[in-house]
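One structure is given here, and the rest of the page talks about it.
FYI, it's all coordinate maths here, none of it is from the lab. Here the structure is a predicted model, which means the values were calculated and not measured. Note: ideal-geometry Cβ built from the backbone for every residue, glycine included; neighbour counts use all protein chains shown.
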Amino acid sequence: MLELVDISKRFKKIEAVKSLNMFIEQGEIVGLLGPNGAGKSTAISILSTLIEPTQGDVRFLKESVIKKPAPLRKAIGVVPQEIALYPQLSTEENLLFFGRIYRLKGSKLKQRVNEILELIGLTEKRKALVDSFSGGMKRRLNIGVAMLHNPQILIMDEPTVGIDPQSRSYILETVKRLNKEHQMTVVYTSHYMEEVDYLCDRIYIMDQGNLIASGTKEEIKQILSSENTISIQADRWNSKFIAQLKGHESITKVHVEGDEITLITPKEVNLFSEIISMTEEYGIALRSLHVKSPTLEDVFLHLTGRALRD
Amino acid sequence: MLFQLIKKQLLLLWRNPVQIFLLLGLPIILILILSIALAGFMESGSPKLELKVAWLEHEDESEQIERFINEMNALGVPAETFGDSEDMQIITMLREDIFQGEDLQEMIELNVIHEDEKADVLADDSYSGLIEVPENFTYDMLQIISEQGGERPEITLHVNQEDGIYSSVLSQILEQFDENLTTQTFLQQNGLAVDMKEMQAAASAGEQTQINQMEPISSRDYYTVAMAVFTGLYVASTIGFFATRERQDQVFDRIIVGDMSRWLYFLSILISGTIIAFIQLLFLFCFSYFVFQVSFNDILTFLITTISYAIAVGGITVLLTAISYRFKSDAIIGFFSGVVTSILAFIGGSFFPIGELSETIAHLGNLTPNGSGLSAYIQILRGSGLEDVANYLIYMISFGVVMIIVAAMSFPKRGSTR
């Protein structure tokens, strides 16, 4: 349905996206995962026809849309990373304005505005100024505006940044429902791996402009099929203990986050007794030690040596 | 679609009380303050003179006239030849019709004194001068006029040297009077009719006239126009800020993804700037009309001037927007509103009529859109018509067009705003 073919984008000296290939099939939710600066937003901007790639092609229904973006623009709804709304206008005024931008008119426009207000749960706030909204309400309206013209593809660029857990949950459920009930295709970028893990059928992982992994969740997690992900939890850590873990010949990755240390080790190696001895040696009060199922975060750690939120 | 974009800009402005105050409230306050505070400065073309003058007559004039009439009758010359006795009251005419006449009475305080007071008056610095009419002045003068011979009498003026300008005024009044007497003598001797009173009145009547018969303008007229064109420039930065915010918040991206031409957006900024500037100017001029009675007699020329200036402001608006989009920064708009506007206002004469300092500065001022607008409005207020202000109008429209062309060249291509 929609393809990025060998796309690169250079901004002066910075190559934001390098030889990216992506395809999106109708009715699926595709996740684009990566830390800040990975090139996700640039890829999304190219996909949304907002910027032209330095090289490569964007194809919609097998037709190139780089020079003739109109067919794709009619088919997509874009939820920008920023709250792309007018704070001084009310919810309804914002929806009416953007609805007219999407060429909706008269009773059809009013009907769509009512449907969207219902969908995003802001019917009671239709006359309220956006300026008075919480971050979560603004995010919901930000999504609602993108759906006014009933797009085939919804492109969401980090739509849950800076909002409370309830609003985030509401947005994730809404996206899931849209996909299930309306077979809406969704391209979802985030640096929250749990969001992508929850929502997406297929995932593209980017880092420093490169595509480093892609496939279904299961396929990606298979990357770690020959590895064990060991989680160690304790009240406090000793720097010598961490140094010894990092220097261990059988441990491929060590990531410390708060009271938890995550280790990636070969499956055939059992380090449990050795780790327990080391904690005793350094006087560390161990709380738990277990092998866990690999997450996307672990995959990213394995592939890049860094955590997604580093 | 274009209408929706413009309507949205107007709505955004309407919902922004700070900007409304800046565009409508602030100029009204400035007009009030400056027109009152600088009224003296603006209307001081003829400084108000207040002279205290002493008048000393050594002999009653009516007796001299009676003596002259009797002598003329004895010679067989009818006294009516020289008019009636009132026409012969040369000194009374000078005192009452000139020094205490309608034109000078507010300026001159004339105190008639007796001879014994003369020394005190001459020592009194509060007096600007003492006019001393010698004995037999009127009789001797009538003798001269009637060609009876004799020496021409003279009025003595004692002036206070410290009151230079006032002394000069007194001297000029007396010189004018003397010239009129000479003229009268000549006309009389050549058998030509003359009305002494009319002649003196015509000579002394002062009138404030402007070059080319232009009507004078008040400080309220001036500052209404000056503040209107000055704050009109803020329309450009206000709309420019709104547009920059749209870029920063990715609203512009959303509009583009809605498959709207960026040139339609560009046009909406231009038209919004022009319309808002036009409305702002009309509002301010309406306010001044109702509050200060500042009125333009030639409404058509006034409207064309307002549209021309609004186009210039629209051009600046779209240029600021284009530059801020190109450089992805609102710094240029801040610089324009904080620095450039004040410089343009200063050079353009919005703070005071700077053009009066020199012709070069006046010319430089007219090169600014606000200065050009100011000059056009002032000319209309002074009674000029469309033809007289056509140069200013052409300049303002041309300025706007140049701004639009530069803006169109600067407005970034697809994707360059990110």
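Numbers below:
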{"item": "For B:ASN111, residues with placed amide H under 5 Å, excluding near neighbours", "result": "B:VAL53, B:ALA54, B:TRP55"}
{"item": "For the protein assembly as shown, share of DSSP beta bridges that run antiparallel, in % to the nearest 5", "result": "60"}
{"item": "Burial ranking of peptide ranges B:359-371, B:134-146 (average Cβ count within 10 Å, highest at the top)", "result": "B:134-146, B:359-371"}
{"item": "Amide H contacts under 5 Å for A:THR216, placed H, 5+ residues apart", "result": "A:ILE203"}
{"item": "Among A:TYR188, A:GLN88, A:GLY37 - extreme Cα towards positive end, dipole of chain A, charges at beta-carbon", "result": "A:GLN88"}
{"item": "Amide H contacts under 5 Å for A:GLU15, placed H, 5+ residues apart", "result": "none"}
{"item": "log₁₀ of I(q)/I(0) at q = 0.20 Å⁻¹ - the range A:148-266, Debye sum with one point per alpha carbon", "result": "-1.17"}
{"item": "Debye, to nearest 20: dipole size of chain B, +1 on Lys, Arg Cβ, -1 on Asp, Glu Cβ", "result": "6780"}
{"item": "For chain B, alpha-carbon Rg relative to the globular expectation (2.2 N^0.38 Å, N residues)", "result": "1.54"}
{"item": "Sorted by Cβ density within 10 Å, fewest first, the residues B:TYR392, B:TYR309", "result": "B:TYR392, B:TYR309"}
{"item": "Inter-chain shielding of A:49-60 (mean C-beta neighbours from other protein chains, 10 Å cut-off)", "result": "2"}
{"item": "Subset of A:LYS127/A:LYS180; A:LYS18/A:LYS40; A:LYS40/A:LYS74 violating a 20 Å alpha-carbon distance limit", "result": "A:LYS127/A:LYS180; A:LYS40/A:LYS74"}
{"item": "Gyration tensor (Cα) of the protein assembly as shown, equivalent ellipsoid semi-axes in angstrom", "result": "94, 28, 20"}
{"item": "Descending semi-axes in whole angstrom, ellipsoid equivalent of the range B:313-418, from the Cα gyration tensor", "result": "31, 16, 9"}
{"item": "Dipole of the protein assembly as shown, positive direction: furthest Cα of B:LEU23, B:GLN280, A:TYR204, with charges on the beta-carbon", "result": "A:TYR204"}
{"item": "Shielding score for B:255-267, defined as the mean number of other chain Cβ atoms within 10 Å", "result": "4"}
{"item": "Residues A:CYS200, B:CYS286 arranged by fewest to most Cβ contacts within 10 Å", "result": "B:CYS286, A:CYS200"}
{"item": "Residue-averaged 222 nm ellipticity for chain B, from DSSP H runs of 4+ at -39500 (n - 2.57), nearest 500", "result": "-19500 deg cm²/dmol"}
{"item": "Centre separation in Å (Cα based) which lies between the range A:235-259 and the range A:84-158", "result": "49"}
{"item": "Around A:ILE284: net Lys/Arg minus Asp/Glu count, Cβ-Cβ under 15 Å", "result": "-3"}
{"item": "Percent of Cα-Cα distances greater than 38 Å, calculated over chain A", "result": "25"}
{"item": "Magnitude of the charge dipole, the protein assembly as shown, Cβ model with Lys/Arg +1 and Asp/Glu -1, debye to 20", "result": "9860"}
{"item": "Beta bridge orientation in chain B: antiparallel %, DSSP, nearest 5", "result": "25"}
{"item": "Fewest-first sequence of B:PHE351, B:PHE336 by Cβ atoms within 10 Å of each Cβ", "result": "B:PHE351, B:PHE336"}
